[in-house]
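**Student:** The structure follows.
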Amino acid sequence: MSTLVIAEHDNGSLKGATLNAVTAAQAMGADIDILVAGAGCDGAAQAAAAVAGVSKVLVADNAAYEHQLAENVSLLVAEVGAGYDNIIAPATANAKNTMPRVAALLDVAQISEITSVESADTFKRPIYAGNVIATVKSADAKKVITVRTTAFDAAAAEGGSATVEAVDAVHDAGISSFVGEEVAESDRPELTAAPVVISGGRGMQNGENFKLLEGIADKLGAAIGASRAAVDAGFVPNDMQVGQTGKIVAPDLYIAVGISGAIQHLAGMKDSKVIVAINKDEDAPIFQVADYGLVADLFDALPELESKI
Ligand code: FAD
């Protein structure tokens, strides 16, 4: 059996999500190659070659792949992946765009956001916003899989010595082009990779009050998240949203402030190792999943917490 892992990267370096996908690939017990599709992506390719347990890194270095346009990358993955039993990618925004196209091109069903590998053809995955865990057995000869990164530890980034091979295939579908991007600059860790996350909800009342979270986040080296209600109210940008329709996080410590604990929010954070909730309503559902709960007004509790850390 052979598995092709699709690298998540920014050309210069490999994103941590790739390492989680490699662990899922290892659980399938097959030889693992990594495909790095990008432009000027030698840095990412070298990093992929250093990942423990990887046999070969295939590098498609072409302007057509520079911005990971799904229309182009999916054609490449379908061609290169044709020689593999499994094609696996972390369930990132990029892969969620690319992999269903790959599955369609290969005429197989995608198996989305697996959380465990039971055997070479059987996987677990959450459905109904994480309220049910389905066990899925695939009859497809070739498996196209995305991996929920929070469910798999990261493979060792060092210790491997994979060979690096160039892939010449150039696919430019000519139906999309990169116009530009606006990336929020932040000195804080990325939400999905941070060991500590502190999130604010509607209880924060406005965007200005999110400053109350910043001091604590600075002291804890935390990323700042938000509930959808806080995002929809315009307190903070939507890339901060945690939950079913936001980002899935599973940090060592998750602090929910002024968040009621709706199932759609829990779907994005309930696998956190330790959950702390601050809410003035002692009946708020968030306390049912919290390891530590503080029934308090956040405007009193946050300054006190910051002063004591
Ligand atoms: P509320 O439910 O209004 O809760 C605010 C909480 O703050 C209350 O518990 C209150 O007691 C507390 N509070 C108020 N003032 C204070 C104070 N001074 N001190 C302490 N506590 C205080 N939601 C998400 O978060 N993420 C998602 O990805 C998401 N996806 C969704 C997808 C769908 C299809 C749908 C239908 C909904 C989705 N939602 C999502 C919305 C979700 O159902 C809830 O509406 C939302 O999570 C509520 O956000 P909240 O807890 O901040 O607000």
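The values are calculated or read from the model by the stated rules, or taken from the named source; none is laboratory data. Note that the coordinates shown come from a computational prediction; the quantities given were computed from them, not determined experimentally. Quick reminder, even Gly has a Cβ in these numbers, built from the backbone with ideal geometry, and neighbours come from all protein chains shown. To get the accessible areas, we keep the full protein, side chains included, count just its heavy atoms, and leave off ligands, DNA and RNA. Shrake-Rupley method; radii C 1.70, N 1.55, O 1.52, S 1.80 Å.
**Student:** Counting only Cα atoms, I'd like the Rg/Rh figure for the chain, Kirkwood definition for Rh.
**Tutor:** 1.01
**Student:** How large is the Kirkwood hydrodynamic radius of segment 252-293, counting all unique pairs of alpha carbons, in Å?
**Tutor:** 9.9
**Student:** Would you work out if segment 1-41 is rounded, prolate or oblate? Take a ≥ b ≥ c from the square roots of the eigenvalues of the alpha-carbon gyration tensor; rounded if a/c is under 1.5, else prolate when a/b is larger than b/c, oblate otherwise.
**Tutor:** Oblate, since a/c reaches 1.5 and b/c is not below a/b.
**Student:** Now for a separate question. Counting only DSSP beta bridges with both residues in the chain, what percent are antiparallel, rounded to the nearest 5?
**Tutor:** The answer is about 20 percent antiparallel.
**Student:** Now a separate question. Taking a ≥ b ≥ c as the square roots of the Cα gyration tensor eigenvalues, with a/c under 1.5 meaning rounded and otherwise prolate when a/b beats b/c, else oblate, which class fits segment 142-204?
**Tutor:** Oblate is the answer for segment 142-204, as a/c is 1.5 or above yet b/c matches or exceeds a/b.
**Student:** Counting only other residues whose beta carbon sits under 12 Å from that of residue 228, what net charge do I get with K and R as +1, D and E as -1?
**Tutor:** Around residue 228, the charge tally is +1.
**Student:** Let me ask you something else. Sum up the charges of everything whose Cβ sits under 12 Å from the Cβ of residue 58, counting Lys and Arg as +1 and Asp and Glu as -1, but leave residue 58 out.
**Tutor:** Value of the local net charge: -4.
**Student:** While we're on this one: So if the hydrodynamic radius of segment 20-102 is defined as the Kirkwood radius over C-alpha pairs, what does Stokes-Einstein give as its diffusion coefficient at 4 °C and 1.567 mPa s, in µm² per second?
**Tutor:** The estimated diffusion coefficient comes to 99 µm²/s.
**Student:** What percent does the relative contact order of the chain come to when contacts are Cα pairs within less than 8 Å and at least six residues apart?
**Tutor:** 15
**Student:** Pick out, in residue order, every one of the chymotrypsin sites (Phe, Trp or Tyr not before Pro) in segment 122-204 that is DSSP loop and has at most 16 other C-beta atoms within 10 Å; say none if there are none.
**Tutor:** 128, 178
**Student:** Continuing with the same structure: So which GluC sites (Glu not before Pro) in segment 184-274 end up in coil per DSSP with only 15 or fewer other C-beta atoms within 10 Å?
**Tutor:** The qualifying sites are 185, 190.
**Student:** Determine the gain in length on full extension of the stretch residue 96-residue 307; use 0.36 nm per residue of separation and subtract their C-alpha separation, reporting nm with one decimal.
**Tutor:** Gain on extension, residue 96 to residue 307, equals 71.8 nm.
**Student:** What GluC sites (Glu not before Pro) in segment 114-182 are in a loop by DSSP, with at most 15 other Cβ atoms within 10 Å of the Cβ?
**Tutor:** Filter output for segment 114-182: 158, 181, 182.
**Student:** By the gyration tensor of its Cα atoms, with a ≥ b ≥ c the square roots of the eigenvalues, what is the shape of segment 185-309: rounded for a/c under 1.5, prolate for a/b over b/c, or oblate?
**Tutor:** In terms of gyration-tensor shape, rounded.
**Student:** List, in the order given, every pair from 137/270; 15/219; 219/308 whose Cα-Cα distance in the structure shown is over 20 Å.
**Tutor:** 137/270; 15/219
**Student:** Over segment 42-196, what percent of the accessible surface lies on carbon and sulfur atoms, probe 1.4 Å?
**Tutor:** 48
**Student:** Rounded to the nearest 5, what is the percent of antiparallel bridges among the DSSP beta bridges in segment 1-138?
**Tutor:** Counting DSSP beta bridges with both partners in segment 1-138, the antiparallel share is about 40 percent.
**Student:** Using the Cβ atoms and a cut-off under 15 Å, what net charge is assigned to the surroundings of residue 124, where Lys and Arg are +1 and Asp and Glu are -1?
**Tutor:** 0
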